[in-house]
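Written below as C-alpha cells is the structure these notes are about.
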Amino acid sequence: MPIPDTVSSVFSDVLSPRTWERADIILGGPEAQYGNRETAVLEVTTKSGTTPGAGSVQFLGGANKTLNPSFEYGGTMGNKLRFYVQNSFTSTNRGLNPPTLGKTIFHDQSARNQTFLRGDGQVNNQNSVTWLFLNLIAKFQIPTRPDLAVNPTLVGLMQAQNPGFIPVRSQDIDEFQKETNQYSHLVWRHDLTSQRYISLAGYFRHTRGTFSTDPLNVLAYTPDPDEPFSASSQDRFAYSGGLRLDYTHRLNPDYLVKAGIHIDRTQAVNKTRLSVFLRDGAGNPTGGVIGRNADNRTIGWREEFLVQDQWIPWEQWTFNVGVRFDQIQGLTHDGQVSPRFGITYALTPQHVFHVFYGRLFTPPNLEAVRFAQLNTIGTTAEPENLKNQLVAPERAHYFEVGSSHALGESVTVELTGFYKLSKNFSGAGQFGTTPLFNFLRLNVGGNGEWISVSKQRSLKIFMGEGMWRGEKLQSGHFLLEQAEIDDINSRSGVFCDHRQLVTSSAVLTYHPFEHTTITGQMLFGSGLRTAEPGEKTNSSHSPSHTTYNLSIDQVISLWDN
C-alpha cells in the first residue's frame, strides 16, 4: 500500500525508520504500479511480531538538548496472530535544521511523538490479514533572525491602535506549526493458487497542519512596506479514504503479470486568517491592523488503473512493460495514460545495466493548495499580479540510464543518470500564505555514486549533481512579485530555489565490540539558490554548508528469553 502524503511531510516522517525491517530504493524507474509521485520509490517492509516475543528500550541524547526515548515490542497471541508496537518521542532545540552556515539558531525547538501498530492474522493457508496504524503529533517553532530593525511607520500605526504594544526582539517572534497525522489500512490477501493471488485494501487518513503567527510582531519587522506584506495564520486539514484491489499472476518462473485498481476520496479544508493594513490613495499603509479571513472546502476523487508485465526471455535480460491510467476530479477534471518501459541487462552477476522511460502524472494534493478567495484588494496584502489560475497536474517524461558494479565482495559502485522534462512542475511552500505554485516546464539532470566497504568497518558515500530549471509560471502569480514573474517567464527561465548543484553524504560505521557501534556522518551541500537585491531571481546561491555528526550506540541486554 502506498502511504499518502501529509499536509506537511517536509518536517515530519510519519513512518519512523525505527519500524523498518528493511527498505529498498527501487532503481530503474517506477513501474506502472507506482504513480502520483515523483520518480523515487522507497519500498519499506516493517517489523512484525516474533516468536518468542522480543523488544527493546532505547534512549538517544545529544547536542542541542536532543532527547529521544523509544520502545518497541513484538510478539504473538496464539498460533495465528502476531503484533508489533513502537513509540518514539523526540525533543530538540534544532528542529528545523537549516541548510546554511552557522552554529547558532534562534527559536527552533521541536517535539514530536510517533506511534506505530501492526497486527498480522493468518486465517488459513489461503487467507491472511494485515492491519497497520500510524500516528504522529508534532510541534515546530519557526526559526527567527536576530537583531533586525523595526519599521517605525508600522509600529506607530499599531501603537495608535494599541498604545500598550511594544515589539519584542526579532529573535523572540513566536511563530510555530503543529502537525497531527493518522493513517490506518487493512489488507486482505487471498491466494487463489500457488501462483495467483489478490489483495484488497481499505485505508483512512487524517492529516492536519496548523501554522500560527505572531501578527503584530511580524508586521513590526516588515522591511519594505511598499511591497505586498501581511501576517497569516492557516489551518489545513483533510480526510481521505479509499480502496485498492491488486491481482498478481506468475504464469511461469520467467513471466509475472500484475493489475490493479485504486479509488481515493479526499475532503480538504483550508482556513486562512490574514492581518493587514489598508492602503491610502498614495499606496501607504494607514489605520490599524485589520483582518481578512476565508474558509474553503473542496472534495476530490482519484481513480487509477494499471497493468504491469515483467518478462525474463533470457537469463541476462529482464523487460518491464506497463501502462497506467490516472483520472482526477477536484480542482480540475483531468487524466493521463502513462506507459512505462524498463530493460535490465546483467552482463555478469557483478555488473548490471538498466534503462528506463516513463510518463508520470502527479496531481496536486488538495490539502496543500490555498484557495485564493481572500479579499485583499486595497490592503497591504494585495498582490502585484492578481492572476489566479487553478493548479494543474504535473506531467513529465522521465528517462534514466544506470549501472551497478560489484568490485569484489566489499565494494559496490552505482552510477545513475536521469533527465526529466516536466510540465506544471509543482513546488510547495512551507509556511504561512505560501501554497503550491507551478512552473510550466522543468528540465532535470543528475548522476550519483554509491560506495560501500566491508561489514566490520563500513564506509558509504553518496554524491549527486543536478540541474533544475523552470520557465513560464502556470499558477500562483499572487504569491510573487512582478519582477520574479517576469524572470520566470523570460526566455531562459530561472533556476528553481531548491536546486543545489552538488549534494553529498558519507557515513563511516565501526563495530569495535559485538554490541558497540561508532558512527560518523558528513552532509555537504553547495548551497541553495538565492539572489542579491536587484539581481535575477535565483541567479546566485547561498554559501556551501557541511554538517558533521558523531554517535556511539551501546546495546545492553536486559534479559534473555
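Which of the residues spanning the range 263-292 are among the aliphatic types (A, V, I, L, M), open to solvent by less than 40 Å² (accessible area, probe 1.4 Å) and under 28 Å from the mean Cα position of the chain (by Cα)? Before you say what the answer is, go through the steps one by one.
Residues of the range 263-292 among the aliphatic types (A, V, I, L, M): 263, 268-269, 274, 276, 278, 282, 289-290.
Of the ones still in play, those that are also open to solvent by less than 40 Å² (accessible area, probe 1.4 Å) are 268-269, 274, 276, 289.
Hits for the range 263-292 are Ala268, Val269, Leu274.
Being under 30 Å from Arg236 (Cα atoms) and modelled with pLDDT of 90 or more is the filter here; which residues of the range 315-359 pass it?
So in the range 315-359, the residues under 30 Å from Arg236 (Cα atoms) come out as 325-336.
Result: Phe325, Asp326, Gln327, Ile328, Gln329, His333, Asp334, Gly335, Gln336.
Within the range 293-327, work out how many residues are more than 30 Å from Pro253 (Cβ to Cβ), open to solvent by less than 60 Å² (accessible area, probe 1.4 Å) and not β-branched (Val, Ile, Thr).
So the answer is 6.
Quick check on my filter: what residues within the range 528-561 are among the small types (Gly, Ala, Ser), open to solvent by 80 Å² or more (accessible area, probe 1.4 Å) and under 30 Å from Glu471 (Cα atoms)? Before the answer, list the steps.
Here is the first cut: in the range 528-561, the residues among the small types (Gly, Ala, Ser) are 531, 534, 539-540, 542, 544, 551, 557.
Still in the running and open to solvent by 80 Å² or more (accessible area, probe 1.4 Å): 534, 557.
Matches in the range 528-561: Gly534 only.
Can you work out which of the residues in the range 498-527 that are part of a loop (DSSP other than H, G, I, E, B) and at pLDDT 80 or above is least open to solvent (accessible area, probe 1.4 Å)? If you could, list the steps in order and put the result at the bottom.
Going through the range 498-527, the residues part of a loop (DSSP other than H, G, I, E, B) turn out to be 498-501, 514-515, 526-527.
Now drop any that are not at pLDDT 80 or above, which leaves 514-515, 526-527.
Details: Glu514: 161, His515: 80, Ser526: 23, Gly527: 3 Å².
Within the range 498-527, the match that is least open to solvent (accessible area, probe 1.4 Å) is Gly527.
Residue check: is Phe204 within 30 Å of Asp120 (Cα to Cα) and without any contact (Cβ under 8 Å) to a residue 40 or more places away in the chain?
Numbers: within 30 Å of Asp120 (Cα to Cα): yes; without any contact (Cβ under 8 Å) to a residue 40 or more places away in the chain: yes.
For Phe204, the condition - within 30 Å of Asp120 (Cα to Cα) and without any contact (Cβ under 8 Å) to a residue 40 or more places away in the chain - is met.
Which condition from (1) among the charged types (D, E, K, R); (2) modelled with pLDDT of 90 or more; (3) open to solvent by 20 Å² or more (accessible area, probe 1.4 Å) is the one that Glu227 breaks?
All conditions pass for Glu227, except number (2).
Of a type in the set (A, V, I, L, M, F, W, C), touching a helix residue (DSSP H, G or I) at 6+ places or on another chain (Cβ under 9 Å), part of a loop (DSSP other than H, G, I, E, B) and touching a residue at least 40 places away in the same chain (Cβ under 8 Å) - does that describe any residue in the range 487-497?
To start, the set of residues in the range 487-497 that are of a type in the set (A, V, I, L, M, F, W, C) comprises 488, 494-496.
Still in the running and touching a helix residue (DSSP H, G or I) at 6+ places or on another chain (Cβ under 9 Å): 494.
Narrowing the set further to residues that are part of a loop (DSSP other than H, G, I, E, B) leaves none.
For the range 487-497, residues of a type in the set (A, V, I, L, M, F, W, C), touching a helix residue (DSSP H, G or I) at 6+ places or on another chain (Cβ under 9 Å), part of a loop (DSSP other than H, G, I, E, B) and touching a residue at least 40 places away in the same chain (Cβ under 8 Å): absent.
Scan Thr180, Thr92, Thr104, Thr100 and give me the residue that is closer than 29 Å to Ala238 by Cβ, open to solvent by 30 Å² or more (accessible area, probe 1.4 Å), at pLDDT below 95 and hydroxyl-bearing (Ser, Thr, Tyr). Steps first, answer last, please.
Details: Thr92 fails: open to solvent by 30 Å² or more (accessible area, probe 1.4 Å); Thr104 fails: closer than 29 Å to Ala238 by Cβ; Thr100 fails: closer than 29 Å to Ala238 by Cβ.
Unique residue meeting the criteria: Thr180.
State which residue is farthest from Leu256 (Cα to Cα) when the search covers only the range 328-354 and only residues that are among the β-branched types (Val, Ile, Thr) and buried (at least 16 other Cβ atoms within 10 Å of the Cβ).
Residues of the range 328-354 that are among the β-branched types (Val, Ile, Thr), as a first pass: 328, 332, 337, 343-344, 348, 352.
Then keep just the ones that are buried (at least 16 other Cβ atoms within 10 Å of the Cβ); that gives 328, 344, 352.
Numbers: Ile328: 29, Thr344: 15, Val352: 21 Å.
Checking each candidate, the answer is Ile328.
Could you list all residues from the range 379-390 that are out of contact with any helix residue (DSSP H, G or I) (no Cβ under 9 Å at 6 or more places or on another chain) and more than 13 Å from Leu274 (Cβ to Cβ)?
Leu390
Look through Phe116, Phe133, Phe176, Phe89 and report the one residue that is without any contact (Cβ under 8 Å) to a residue 40 or more places away in the chain, under 30 Å from Thr50 (Cα atoms) and of a type outside the set (S, T, N, Q).
Working: Phe116 fails: without any contact (Cβ under 8 Å) to a residue 40 or more places away in the chain; Phe133 fails: without any contact (Cβ under 8 Å) to a residue 40 or more places away in the chain; Phe176 fails: under 30 Å from Thr50 (Cα atoms).
Result: Phe89 is the single residue among Phe116, Phe133, Phe176, Phe89 that is without any contact (Cβ under 8 Å) to a residue 40 or more places away in the chain, under 30 Å from Thr50 (Cα atoms) and of a type outside the set (S, T, N, Q).
The values are calculated or read from the model by the stated rules, or taken from the named source; none is laboratory data. The shown structure was predicted, so the numbers you read here are calculated from the model rather than taken from an experiment. No Cβ is skipped: glycine too gets one built from the backbone with ideal geometry, and neighbour counts run over all protein chains shown. Accessible surface is based on the protein model in full, side chains and every heavy atom, while ligands, DNA and RNA are left aside. Shrake-Rupley method; radii C 1.70, N 1.55, O 1.52, S 1.80 Å.
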